[in-house]
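Q: Could you have a look at this structure, given as structure tokens, before my questions?
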Amino acid sequence: WERKARLAQTPFWMLFVMALACASPFLDLRRRTINIPIIFSGSTYTPESARFSPEDFRNFSMEINPIPVVLNDTNPRSLIVRLCDVLSSLHIHGVVFEDDTRTEDVAQILDFISAQTSVPIIGINGGSAIKGSTFLQLGSSTKQQLQVMFEVLEQYDWTAFAVITTLFPGYEDFVDYIEVLTDSSFIGWERRSTVTLNLTDDPDGARLKRQLREINARICLLYCSREEAESIFRAAREVKLTGPGYIWFMAGANFGRTAYLPEELPEGLFMVLSAGWKDDLYHRVQNGVAIIAKGAEHSHTIFPPWHYNTACIMVFQTVFLLSEPAF
């Protein structure tokens with residue numbers, strides 16, 4: 001004991017204790033900072049409407065550094081170059097993505113970037129995600145929409161239906177979910193046909209109309225993008241599939257949060273929208289940032305900067321090769 005007492009009084013021991021105290025995590029009272037780009041995609045957004053500052057996010061244990069990014073040019077190359085610049089310049093903890101509901105292809109691009117870079121992306125205006133990505137949506141998923149649709153079908157005893165999809169990303173999952181719901185049910189569901197529409201290289205819509213004429217069900221489950229829905233409903237009206245007695249259930253696209261509605265919409269059309277579509281832009285951004293911030297509070301994972309740089313280069317090269325003209 002006397003030896004230990006003499007050791008505790010030596011300058012070396014005191015220096016050792018001070019070093020341990022300085023290294024203690026409890027003495028690091030500085031607030032952690034997380035960097036979150038907030039991307040506004042579409043021609044309706046201006047720099048003034050996209051202004052957010054750290055003072056707008058004070059209800060978190062960490063400092064929020066919002067990075068507003070306005071993308072009026074939404075072609076794939078410009079989007080990827082701009083986003084990779086952001087990912088390479090800072091240690092990004094997540095991305096919040098807002099669009100004007102008319103640019104669904106942009107959500108698919110961000111979905112691909114998320115899968116390649118492992119950066120969480122929150123789509124606060126809906127969207128769909130590919131398997132393996134960390135792209136999340138503040139809205140109902142395709143599977144959830146189908147569950148609600150089949151509850152309505154069961155309620156009204158509409159057991160016979162046709163499945164119609166385009167090549168819009170996620171259409172295979174849409175068909176798979178329907179198979180799971182029907183095969184695991186005791187109800188005698190009757191899927192009369194499954195039609196996959198290819199709207200490319202069909203300028204006058206002749207092929208589209210021919211495929212729609214082959215449908216022999218009055219209940220149609222449709223999966224497509226918003227832009228594709230307008231062409232499909234226009235052709236369906238011409239072949240008499242949108243009048244009284246025909247019911248359409250649509251997933252993938254939505255016409256919520258907009259005053260614009262196509263004239264070709266069927267008289268009977270069901271869509272599943274989450275209650276969040278009524279929120280204004282400020283609250284949607286707040287919700288998206290909150291998800292990333294809460295996740296960062298419970299996670300100490302650090303992705304090295306080279307991970308983002310390398311992944312972004314690979315993504316850019318992929319899109320560059322796909323966009324090159326074939327000779």
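Q: What number of residues in region 201-242 are out of contact with any helix residue (DSSP H, G or I) (no Cβ under 8 Å at 6 or more places or on another chain) and among the small types (G, A, S)?
A: 3
Q: Is at least one residue of region 208-230 part of a loop (DSSP other than H, G, I, E, B) and within 28 Å of F112 (Cβ to Cβ)?
A: Yes, some residue in region 208-230 is part of a loop (DSSP other than H, G, I, E, B) and within 28 Å of F112 (Cβ to Cβ).
Q: Would you check which residues across region 158-186 are of a type outside the set (A, V, I, L, M), outside any loop (DSSP other than H, G, I, E, B) and over 24 Å from G268 (Cβ atoms) and list them?
A: Those that are of a type outside the set (A, V, I, L, M), outside any loop (DSSP other than H, G, I, E, B) and over 24 Å from G268 (Cβ atoms): E172, D173, D176, E179, D183.
Q: If L261 passes every condition in (1) out of contact with any strand residue (DSSP E or B) (no Cβ under 9 Å at 6 or more places or on another chain); (2) at pLDDT 75 or above; (3) assigned to a loop (DSSP other than H, G, I, E, B) but one, which one does it miss?
A: The failed condition is (2).
Q: A further question follows. When region 49-76 is examined, which residues are found to be at pLDDT below 75 and charged (D, E, K, R)?
A: We begin by selecting, within region 49-76, every residue at pLDDT below 75; these are 49-50, 72-76.
Scanning region 49-76 gives a single hit, D73.
Q: Right, another one. Collect the residues in region 136-152 that are buried (at least 21 other Cβ atoms within 10 Å of the Cβ) and modelled with pLDDT of 90 or more, keeping them in residue-number order.
A: L146, M149, F150
Q: Right, here's the next one. Pairs needed: first member in region 225-247, at positive phi; second member anywhere, among the hydrophobic types (A, V, I, L, M, F, W, C); C-beta distance under 7 Å; at least 6 residues apart or different chains.
A: As it stands, the answer is none, since no pair meets every condition given.
The values are calculated or read from the model by the stated rules, or taken from the named source; none is laboratory data. Just so you know, these numbers come straight off a predicted model, no measurement behind them. Methodologically, a virtual Cβ is constructed for each residue, glycine included, from the backbone with ideal geometry; neighbour enumeration extends over all protein chains shown.
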